[in-house]
Protein chains: 2
Amino acid sequence: MRLSLCSALLLLSVPATAQSLAPETAATAAALRDSAMQGTRAFEIVRSLTLETGPRPAGSAGDRAAVEWGVRKLKELGFQNVRAEKVTVPHWVRGAESGEIVSPWPQPVILAALGGSVGTPEGGIEAEVVQVPDVAALEGMDAVTAARVKGKIVFINRRMERAKDGSGYGPAVAGRGRGAIAAGKLGAAAVLIRSVGTDNNRTPHTGAMRYEDGVPRIPAAALSNPDADTLEGQLGIAEKSGKPVVFRLKLGAHLLPDGESANVIGEIPGREKPEEIVLLGGHLDSWDLGTGAIDDGAGCAIMIEAARRIGELPQHPRRTVRVILFANEEFGLSGGRAYAEKYAADLPRHILAGESDFGSGRVWQADSRVAPEALPLFDEIAKLLAPIGVERGDNESGGGADLSPLAPAGVPVVGLSQDGTWYFDWHHTANDTLDKIDARDLDQNVAAWAALAYAVAEMPGNFGKAPEPAPRR
Amino acid sequence: MRLSLCSALLLLSVPATAQSLAPETAATAAALRDSAMQGTRAFEIVRSLTLETGPRPAGSAGDRAAVEWGVRKLKELGFQNVRAEKVTVPHWVRGAESGEIVSPWPQPVILAALGGSVGTPEGGIEAEVVQVPDVAALEGMDAVTAARVKGKIVFINRRMERAKDGSGYGPAVAGRGRGAIAAGKLGAAAVLIRSVGTDNNRTPHTGAMRYEDGVPRIPAAALSNPDADTLEGQLGIAEKSGKPVVFRLKLGAHLLPDGESANVIGEIPGREKPEEIVLLGGHLDSWDLGTGAIDDGAGCAIMIEAARRIGELPQHPRRTVRVILFANEEFGLSGGRAYAEKYAADLPRHILAGESDFGSGRVWQADSRVAPEALPLFDEIAKLLAPIGVERGDNESGGGADLSPLAPAGVPVVGLSQDGTWYFDWHHTANDTLDKIDARDLDQNVAAWAALAYAVAEMPGNFGKAPEPAPRR
């Protein structure tokens with residue numbers, strides 16, 4: 001383990017990780033928690049964001065409006081050192097898109113290009129459909145079967161399972177990320193996936209996909225679940241009679257030159273150690289289909305409101321609470337990377353970082369990734385959240401996508417797991433809108449983050465240097 | 001009351017309406033009911049319809065495919081006298097459509113033209129939005145307020161309430177039907193309505209609208225509920241600062257020359273009185289946005305399967321059970337009108353008519369409209385359905401839209417009320433797809449219709465001549 005001089009000094013100066021909370025700190029944190037449960041401005045904040053900016057994919061006019069909104073809103077709410085720090089972002093646009101089954105039983109379907117997909121030629125691509133159960137089947141295909149994929153449209157028909165902890169996402173999203181590479185290697189004309197989502201609405205789920213150098217870049221789109229059912233159903237009947245199912249895909253998707261966005265930052269400056277940071281993050285961008293209410297308007301609102309309430313205390317905590325609304329999480333973590341680079345020298349003074357980016361469901365578990373010797377301290381803080389239904393989790397939190405660039409520097413992170421039972425009904429779809437949010441659920445999130453952030457900003461100790469995160473499963 | 005000679009003779013020949021069911025008739029009806037509860041082919045039938053035809057609005061290629069499907073399916077299932085009886089239908093097409101809030105906070109919204117709407121000029125209509133709570137407010141507007149509507153886009157923001165019996169539909173749908181007339185009279189440029197639906201999906205609800213001779217025909221569209229929320233929200237904030245909300249609407253909707261469709265008919269011929277008819281109807285057309293699984297693939301499948309099971313009995317009932325899959329219910333009742341006209345002379349021999357056109361929810365009430373003296377007979381038959389959760393309702397049933405043209409002839413009708421709690425989440429939207437149907441719910445519907453239709457086709461008596469239906473509330 002490499003310890004920077006700075007953090008080594010911090011660790012050695014006192015046995016800081018062993019110091020527990022002062023009773024008055026715990027009492028103030030509990031008061032923050034309990035008052036937030038009585039009602040907060042979080043819903044009002046996310047309402048304002050969605051009404052006044054709408055969809056805000058990286059590089060779009062909505063994105064620019066969101067940066068302006070962020071600066072205006074943080075100032076209006078009393079934050080200090082409010083600034084928009086420029087971030088260069090890729091600018092992908094969807095364009096017009098359509099899909100239809102041409103034969104044996106013609107009908108239109110509803111689909112959405114995956115983020116980053118190339119478009120089709122103007123007249124579209126018309127080809128027979130070959131179905132596979134998942135991307136692994138495509139990657140592990142024997143040569144004889146693989147030869148049948150050439151020139152075809154591959155349909156990856158993997159259904160996502162519903163779970164409170166969102167654990168159905170990882171296995172299902174592999175096809176979205178790697179499908180175009182695997183199908184492209186076999187010479188496929190395009191790839192369609194069943195939406196990575198748990199709903200049965202005609203609202204397809206977009207999300208980032210990848211290409212690989214040296215592999216043909218083929219168009220990639222997601223069918224809504226009911227449309228995937230239709231395609232699956234026609235394939236099933238057609239197979240019995242030996243008929244091919246032919247599909248026509250038109251995608252207008254393309255990349256424009258890089259655009260400019262910004263990380264929007266506001267602070268509640270610490271009264272004693274303003275250079276030490278408790279970072280509360282969300283991301284300001286959204287996909288283009290919805291208004292990004294749950295992804296991640298909710299997270300932004302929760303963090304803004306949690307910090308605002310800390311700032312309204314009779315005195316600020318010792319350390320600075322810094323809210324960051326990251327640029328372009330969805331399409332490449334531009335904001336998270338830019339922040340980690342810009343603030344590299346300051347990262348040893350980032351005492352804890354957390355991101356809220358899992359919708360608006362209630363928090364039910366507090367995970368961490370802190371130095372092992374700091375676990376008793378984190379456990380003590382996590383206990384503050386027990387009265388609002390939050391259990392202590394493990395010490396293997398990823399902390400949130402935008403925080404991943406901070407991991408090499410050993411910045412300790414907290415992850416407050418939210419109830420994701422319904423999140424993937426709406427995630428990355430047109431249905432990601434304000435009406436999906438229950439204001440009381442946001443209040444509970446605010447309660448948890450406010451109590452936790454205050455305690456960490458006020459406590460005498462720290463969480464040391466966090467171990468490297470476990471490799472992603 | 002005018003009685004045709006024919007029905008007068010029927011009524012006078014015996015006190016037919018007083019005769020009760022033979023015990024063996026009741027037993028066979030109960031057996032039909034109970035065996036259907038064990039599983040039927042109804043789901044398989046609606047699956048076949050939706051997969052093999054898709055959306056089928058009047059006059060479309062899908063409509064023609066559905067007529068072919070109907071003839072093929074009825075023959076395949078053993079019906080006799082299968083035929084497609086030509087019906088001329090209007091042919092309205094949606095074309096491309098879009099909507100966006102232009103200012104103060106630009107964002108796209110999702111909307112759908114109402115059925116029958118004219119299109120906008122190619123560049124669209126851009127105008128300030130004026131909000132009204134319902135169409136009555138528009139119709140009752142004083143002159144000063146009305147003057148403010150001229151040249152504007154009127155937004156009728158009436159929310160539909162959820163109810164098991166669908167009773168929220170009537171009050172909300174008034175704005176869809178009459179909105180363009182009321183706004184057109186005041187010189188509005190276009191009319192937008194909040195979708196007549198109980199969901200919060202980005203799937204707007206279309207449905208028929210009307211124009212009135214002498215009133216300017218203005219474009220009319222429905223916003224999905226979340227988009228209506230956005231427009232309402234921006235109007236609310238903008239009003240405080242005196243800013244106008246400006247909207248741009250583009251509709252490519254237009255009428256094509258009339259098309260040809262058909263009522264598809266199949267029969268289980270009666271063994272003694274084949275000229276006496278028990279009519280079981282559904283409608284074969286759907287709106288263009290979904291695949292018409294619940295509206296009205298489910299109804300067609302329920303009726304086909306109920307009749308098919310009667311046809312499989314060791315002997316057919318005395319009277320003919322006639323299944324009719326009506327053409328173009330949605331956009332003007334073309335099929336229902338054509339049937340009433342073509343079979344005008346035979347209507348006195350229509351012993352009972354029923355239509356299933358309220359989705360796939362379970363039946364919970366049996367309503368009728370029969371001669372008052374026949375009520376004990378209907379009550380007796382309705383009791384057959386009590387074991388599967390069906391209560392006896394009133395004698396004021398409308399019987400179904402396609403049956404309304406039969407009312408002047410006094411054809412008795414039955415209405416089996418279905419649980420409509422969720423129906424209006426999906427009604428007339430892209431979300432009207434197969435996945436919304438629970439196969440066991442269809443089985444219960446089949447059980448109810450099979451038992452009822454069999455009993456009526458076998459019973460010695462009849463229901464006399466039905467009174468005119470009460471005026472629609």
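Read-outs: derived from the displayed coordinates by stated rules, not from any lab. Because the structure is a prediction, the values reported are computed rather than measured. Don't worry about glycine lacking a Cβ; one is built from the backbone with ideal geometry, like all the others, and counts go over all protein chains shown.
A few comments on the model shown:
- Close Lys-Lys pairs in the stretch A:95-252, where close means Cα under 22 Å and separation is 8 or more or interchain: 8
- Per residue of B:50-56, other chain Cβ atoms within 10 Å of the residue Cβ number 6 on average.
- Annotation: peptides A:132-145, A:304-317, B:222-235, ranked by per-residue average of other Cβ atoms within 10 Å with the highest first, follow the order B:222-235, A:304-317, A:132-145.
- Values of log10 I(q)/I(0) for the stretch A:85-132 across q = 0.18 Å⁻¹ run -0.73, by the Debye formula with one identical scatterer at each alpha carbon and no solvent.
- Relative contact order for the stretch A:108-189, counting Cα pairs under 8 Å that sit 6 or more residues apart, in percent: 35 percent
- Under 19 Å from the Cα of B:Lys342 - aspartates and glutamates, other chains or at least 8 residues apart: B:Glu85, B:Glu260, B:Glu267, B:Glu275, B:Glu276, B:Glu329, B:Glu355, B:Asp402
- Neighbouring Cβ atoms from other chains, within 10 Å of the Cβ of residues in B:230-237, number 3 on average.
- Fully extending the segment from A:Glu468 to A:Glu212 would add 89.5 nm, taking 0.36 nm per residue of separation and subtracting the current Cα-Cα distance.
- The peptide list A:349-357, A:397-405, B:250-258, put in order of mean Cβ contacts within 10 Å with the highest first, becomes A:349-357, A:397-405, B:250-258.
- For chain B: span of alpha carbons on each principal axis (Å, largest first): 75, 45, 41
- Positive minus negative residues near B:Val215 (Lys, Arg vs Asp, Glu; Cβ under 15 Å): +2
- Label reach from A:Lys273 (point 7 Å along Cα→C-beta): in the stretch A:417-456, amide nitrogens under 20 Å belong to A:450-456.
- Binned Cα-Cα distance frequencies in the stretch A:411-473 - 5 Å width, integer %: 3, 12, 16, 18, 16, 15, 12, 6, 1, 0
- Under the convention that each Lys and Arg Cβ holds +1 and each Asp and Glu Cβ holds -1, the size of the dipole of the protein assembly as shown around its Cα centre is about 720 debye.
- Gyration tensor analysis over the Cα atoms of the protein assembly as shown returns equivalent ellipsoid semi-axes of 58, 30, 28 Å (largest first, whole Å).
- Shielding value for B:219-226 is 2, the average number of Cβ atoms from other chains within 10 Å of each residue's Cβ.
- Here the ratio of the Cα radius of gyration of the stretch B:95-252 to 2.2 N^0.38 Å is 0.95.
- B:Val144/B:Ser241 FRET efficiency (R0 30 Å; Cβ-Cβ; nearest 0.05): 0.85
- Cα extents of the stretch A:112-187 along the three principal axes, largest first (Å): 41, 32, 17
- Span per principal axis, largest first, for the Cα atoms of the stretch A:313-424 (Å): 38, 37, 34
- Our analysis of the stretch A:366-473 gives Rg over Rh at 1.00, with the two radii drawn from alpha carbon positions and Rh computed by the Kirkwood formula.
- Packing, as the average of other Cβ atoms within 10 Å across residues, places the peptides A:430-437, B:96-103 in the order A:430-437, B:96-103, highest first.
- Relative to its Kirkwood radius, the Cα radius of gyration of the stretch B:114-155 gives an Rg/Rh of 1.02.
- Chain A holds its axis-closest Cβ, relative to the rotation onto B, at the residue and whole-Å distance A:Asn201, 3.
- Pairs of alpha carbons in the stretch B:162-241 separated by more than 13 Å make up 69% of all such pairs.
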